Ligand SMILES: CC(=O)N[C@H]1[C@@H](OP(=O)(O)OP(=O)(O)OC[C@H]2O[C@@H](n3ccc(=O)[nH]c3=O)[C@H](O)[C@@H]2O)O[C@H](CO)[C@@H](O)[C@@H]1O[C@H](C)C(=O)N[C@@H](C)C(=O)N[C@H](CCC(=O)O)C(=O)O
Ligand SMILES: Nc1ncnc2c1ncn2[C@@H]1O[C@H](COP(=O)(O)OP(=O)(O)OP(=O)(O)O)[C@@H](O)[C@H]1O
Ligand SMILES: N[C@H](CCC[C@H](N)C(=O)O)C(=O)O
Ligand SMILES: [Mg+2]
């Protein structure tokens with residue numbers, strides 16, 4: 001692509017040498033993967049400053065650089081004041097603004113993002129729409145799955161993914177938008193049609209200075225909504241009115257707002273909620289009509305996820321009967337309140353709860369139906385928010401009759417240090433078993449008829465990350481395997 005065509009998207013810049021003749025073959029933000037003919041963008045990262053790799057990028061064939069400072073190099077440098085935002089603009093331009101030719105729904109909030117994207121995917125597919133999904137578990141393009149490195153990819157991979165979606169005929173793309181992504185401008189350059197807010201509770205205080213800073217990052221999605229030249233489709237912010245920060249988010253967007261909730265006077269409401277052992281039922285009330293929902297999804301938090309999904313689907317013109325059909329036939333979400341059934345006489349549930357609030361939601365749901373003891377296996381991730389560790393331990397102790405603290409991706413940290421952070425303030429009444437397999441074995445071995453074993457924190461994950469190495473580990477497989485062993489030893 002001609003450089004002049006790319007630069008039409010960049011408002012202010014200074015050029016060190018003539019560039020008109022340059023034809024850009026590709027974009028890169030990582031010197032390790034530069035190809036001849038690439039434009040290389042220097043990003044100041046969390047770990048390193050990409051400007052130091054400029055020479056390396058040029059030696060691999062980069063023909064032009066985008067930087068925030070003058071660089072000693074033979075190729076032209078385009079100097080801008082924010083390379084991160086410029087990378088996102090260039091990426092959107094290079095891939096011909098793919099999000100402008102599809103509907104784009106972004107979901108943000110501490111918990112529920114993956115769940116809502118999956119519910120929306122089921123609804124839109126039932127409505128015969130070709131979908132794309134980007135998020136924690138994987139990327140899906142028109143039915144085919146691809147691995148995901150981050151919940152929200154960097155702006156370059158993201159625009160490339162949208163281009164692939166466009167080519168595959170995707171009509172609606174549904175994506176999770178993490179606070180890290182918003183803070184790092186990964187979604188700058190995306191033309192969102194609908195932005196959904198789930199909830200805000202403590203997480204990621206290793207990255208954000210405090211909860212206000214975390215909220216500010218989340219609010220960027222709503223501030224960005226409608227910030228594109230392409231305004232053919234109407235925009236909508238979908239906001240959980242029961243969240244204490246709803247007002248702040250409503251004020252952060254200039255677009256129309258559709259609220260959902262249970263407690264207040266939301267536009268889309270759930271009434272007559274009945275939580276039971278096999279799912280939930282409730283009346284879904286919209287400004288136009290009311291419909292009865294019976295879903296196999298468990299817990300009050302699932303009602304919130306269904307309300308958010310229903311609101312976004314309604315705003316997209318999907319009939320309420322299609323929405324109901326999807327909720328009633330939902331396949332559930334991998335690693336989210338997922339039962340493991342091997343013929344045992346107690347319940348085993350795998351769940352991705354890795355924040356105090358999500359653990360509270362899941363355990364309160366278990367408590368509602370469990371007639372026996374509650375066994376909890378849980379740990380906290382290394383190199384992540386340390387202040388949530390004692391809070392998660394408190395929640396486990398509040399509900400569990402048999403609590404086993406264990407490892408969950410210690411990463412570069414000493415697993416025992418993490419376990420000490422979780423338990424230092426506790427007086428006793430729990431077990432610490434660092435090896436996660438042994439922790440699960442202990443819980444399953446002591447479970448009796450009518451009990452429930454909750455294995456929390458890793459959900460769909462298929463690894464245990466220790467010292468930068470990902471070892472195969474899948475809570476669901478381990479639980480299945482150990483349940484078979486328990487059964488064999490009993491027969
Ligand atoms: C802390 C954090 O968010 N880091 C993200 C960030 O990387 P970074 O700022 O550390 O990058 P860096 O290593 O300093 O490198 C800076 C620049 O130099 C370049 N470089 C680097 C080395 C080299 O040899 N050559 C080179 O050119 C890099 O390509 C980059 O452009 O930008 C990268 C590209 O977008 C991300 O992949 C990376 O996510 C890391 C892997 C990560 O673990 N992030 C987590 C915390 C995260 O983002 N999580 C959220 C979900 C959280 C949730 O909702 O629960 C997510 O969206 O996944
Ligand atoms: N609406 C909700 N409110 C509170 N907790 C929820 C909600 N939905 C799901 N959860 C809990 O949070 C866990 C994570 O859910 P989900 O994966 O949908 O969230 P997420 O926002 O995508 O998380 P991540 O930030 O890790 O991507 C679930 O396993 C469940 O325990
Ligand atoms: N997206 C989250 C996932 C946490 C999952 C948990 N298993 C952990 O490793 O802490 C994060 O990267 O913080
Ligand atoms: Mg997610």
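The values are calculated or read from the model by the stated rules, or taken from the named source; none is laboratory data. Predicted model only: the values in this text are computed from it and were never measured. Cβ coordinates were reconstructed from backbone atoms using ideal geometry, including for glycine residues, and neighbour counts include every protein chain displayed.
Here are the numbers for this structure:
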| quantity | calculated |
| --- | --- |
| Residue in segment 454-464 that is in a helix (DSSP H, G or I), surrounded by fewer than 16 Cβ atoms within 10 Å (Cβ to Cβ) and away from ligand 1 (no atom under 16 Å from the Cβ) present | no |
| Count of segment 28-55 residues which are touching a strand residue (DSSP E or B) at 6+ places or on another chain (Cβ under 9 Å) and in a helix (DSSP H, G or I) | 5 |
| Yes/no for residue 366 being within 16 Å of ligand 4 (Cβ to nearest atom), buried (at least 18 other Cβ atoms within 10 Å of the Cβ) and under 21 Å from residue 279 (Cβ atoms) | no |
| Qualifying positions in segment 178-209 - under 13 Å from residue 88 (Cβ atoms), in contact (Cβ under 8 Å) with a residue 60 or more places away in the chain and within 13 Å of ligand 1 (Cβ to nearest atom) | 182, 184, 185, 186, 187, 188 |
| Filter result (more than 8 Å from ligand 1 (Cβ to nearest atom) and surrounded by fewer than 12 Cβ atoms within 10 Å (Cβ to Cβ)) within segment 36-51 | 36 |
| Options 91, 126; residue that is over 15 Å from residue 193 (Cβ atoms) and either surrounded by fewer than 20 Cβ atoms within 10 Å (Cβ to Cβ) or without any contact (Cβ under 8 Å) to a residue 24 or more places away in the chain (or both) | 126 |
| Test: residue in segment 102-110 that is assigned to a loop (DSSP other than H, G, I, E, B) and crowded, with 24+ Cβ neighbours inside 10 Å | yes |
| Out of 212, 206, 191, sole residue that is away from ligand 4 (no atom under 16 Å from the Cβ), over 14 Å from the mean Cα position of the chain (by Cα), within 26 Å of residue 257 (Cα to Cα) and surrounded by fewer than 24 Cβ atoms within 10 Å (Cβ to Cβ) | 212 |
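A quick yes/no check of all residues on (1) in a loop (DSSP other than H, G, I, E, B); (2) out of contact with any helix residue (DSSP H, G or I) (no Cβ under 6 Å at 6 or more places or on another chain); (3) within 14 Å of ligand 3 (Cβ to nearest atom); (4) modelled with pLDDT of 95 or more:
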{"residue": "158", "(1), (2), (3), (4)": "no, yes, no, yes"}
{"residue": "163", "(1), (2), (3), (4)": "no, no, no, yes"}
{"residue": "205", "(1), (2), (3), (4)": "yes, yes, yes, no"}
{"residue": "216", "(1), (2), (3), (4)": "no, yes, no, no"}
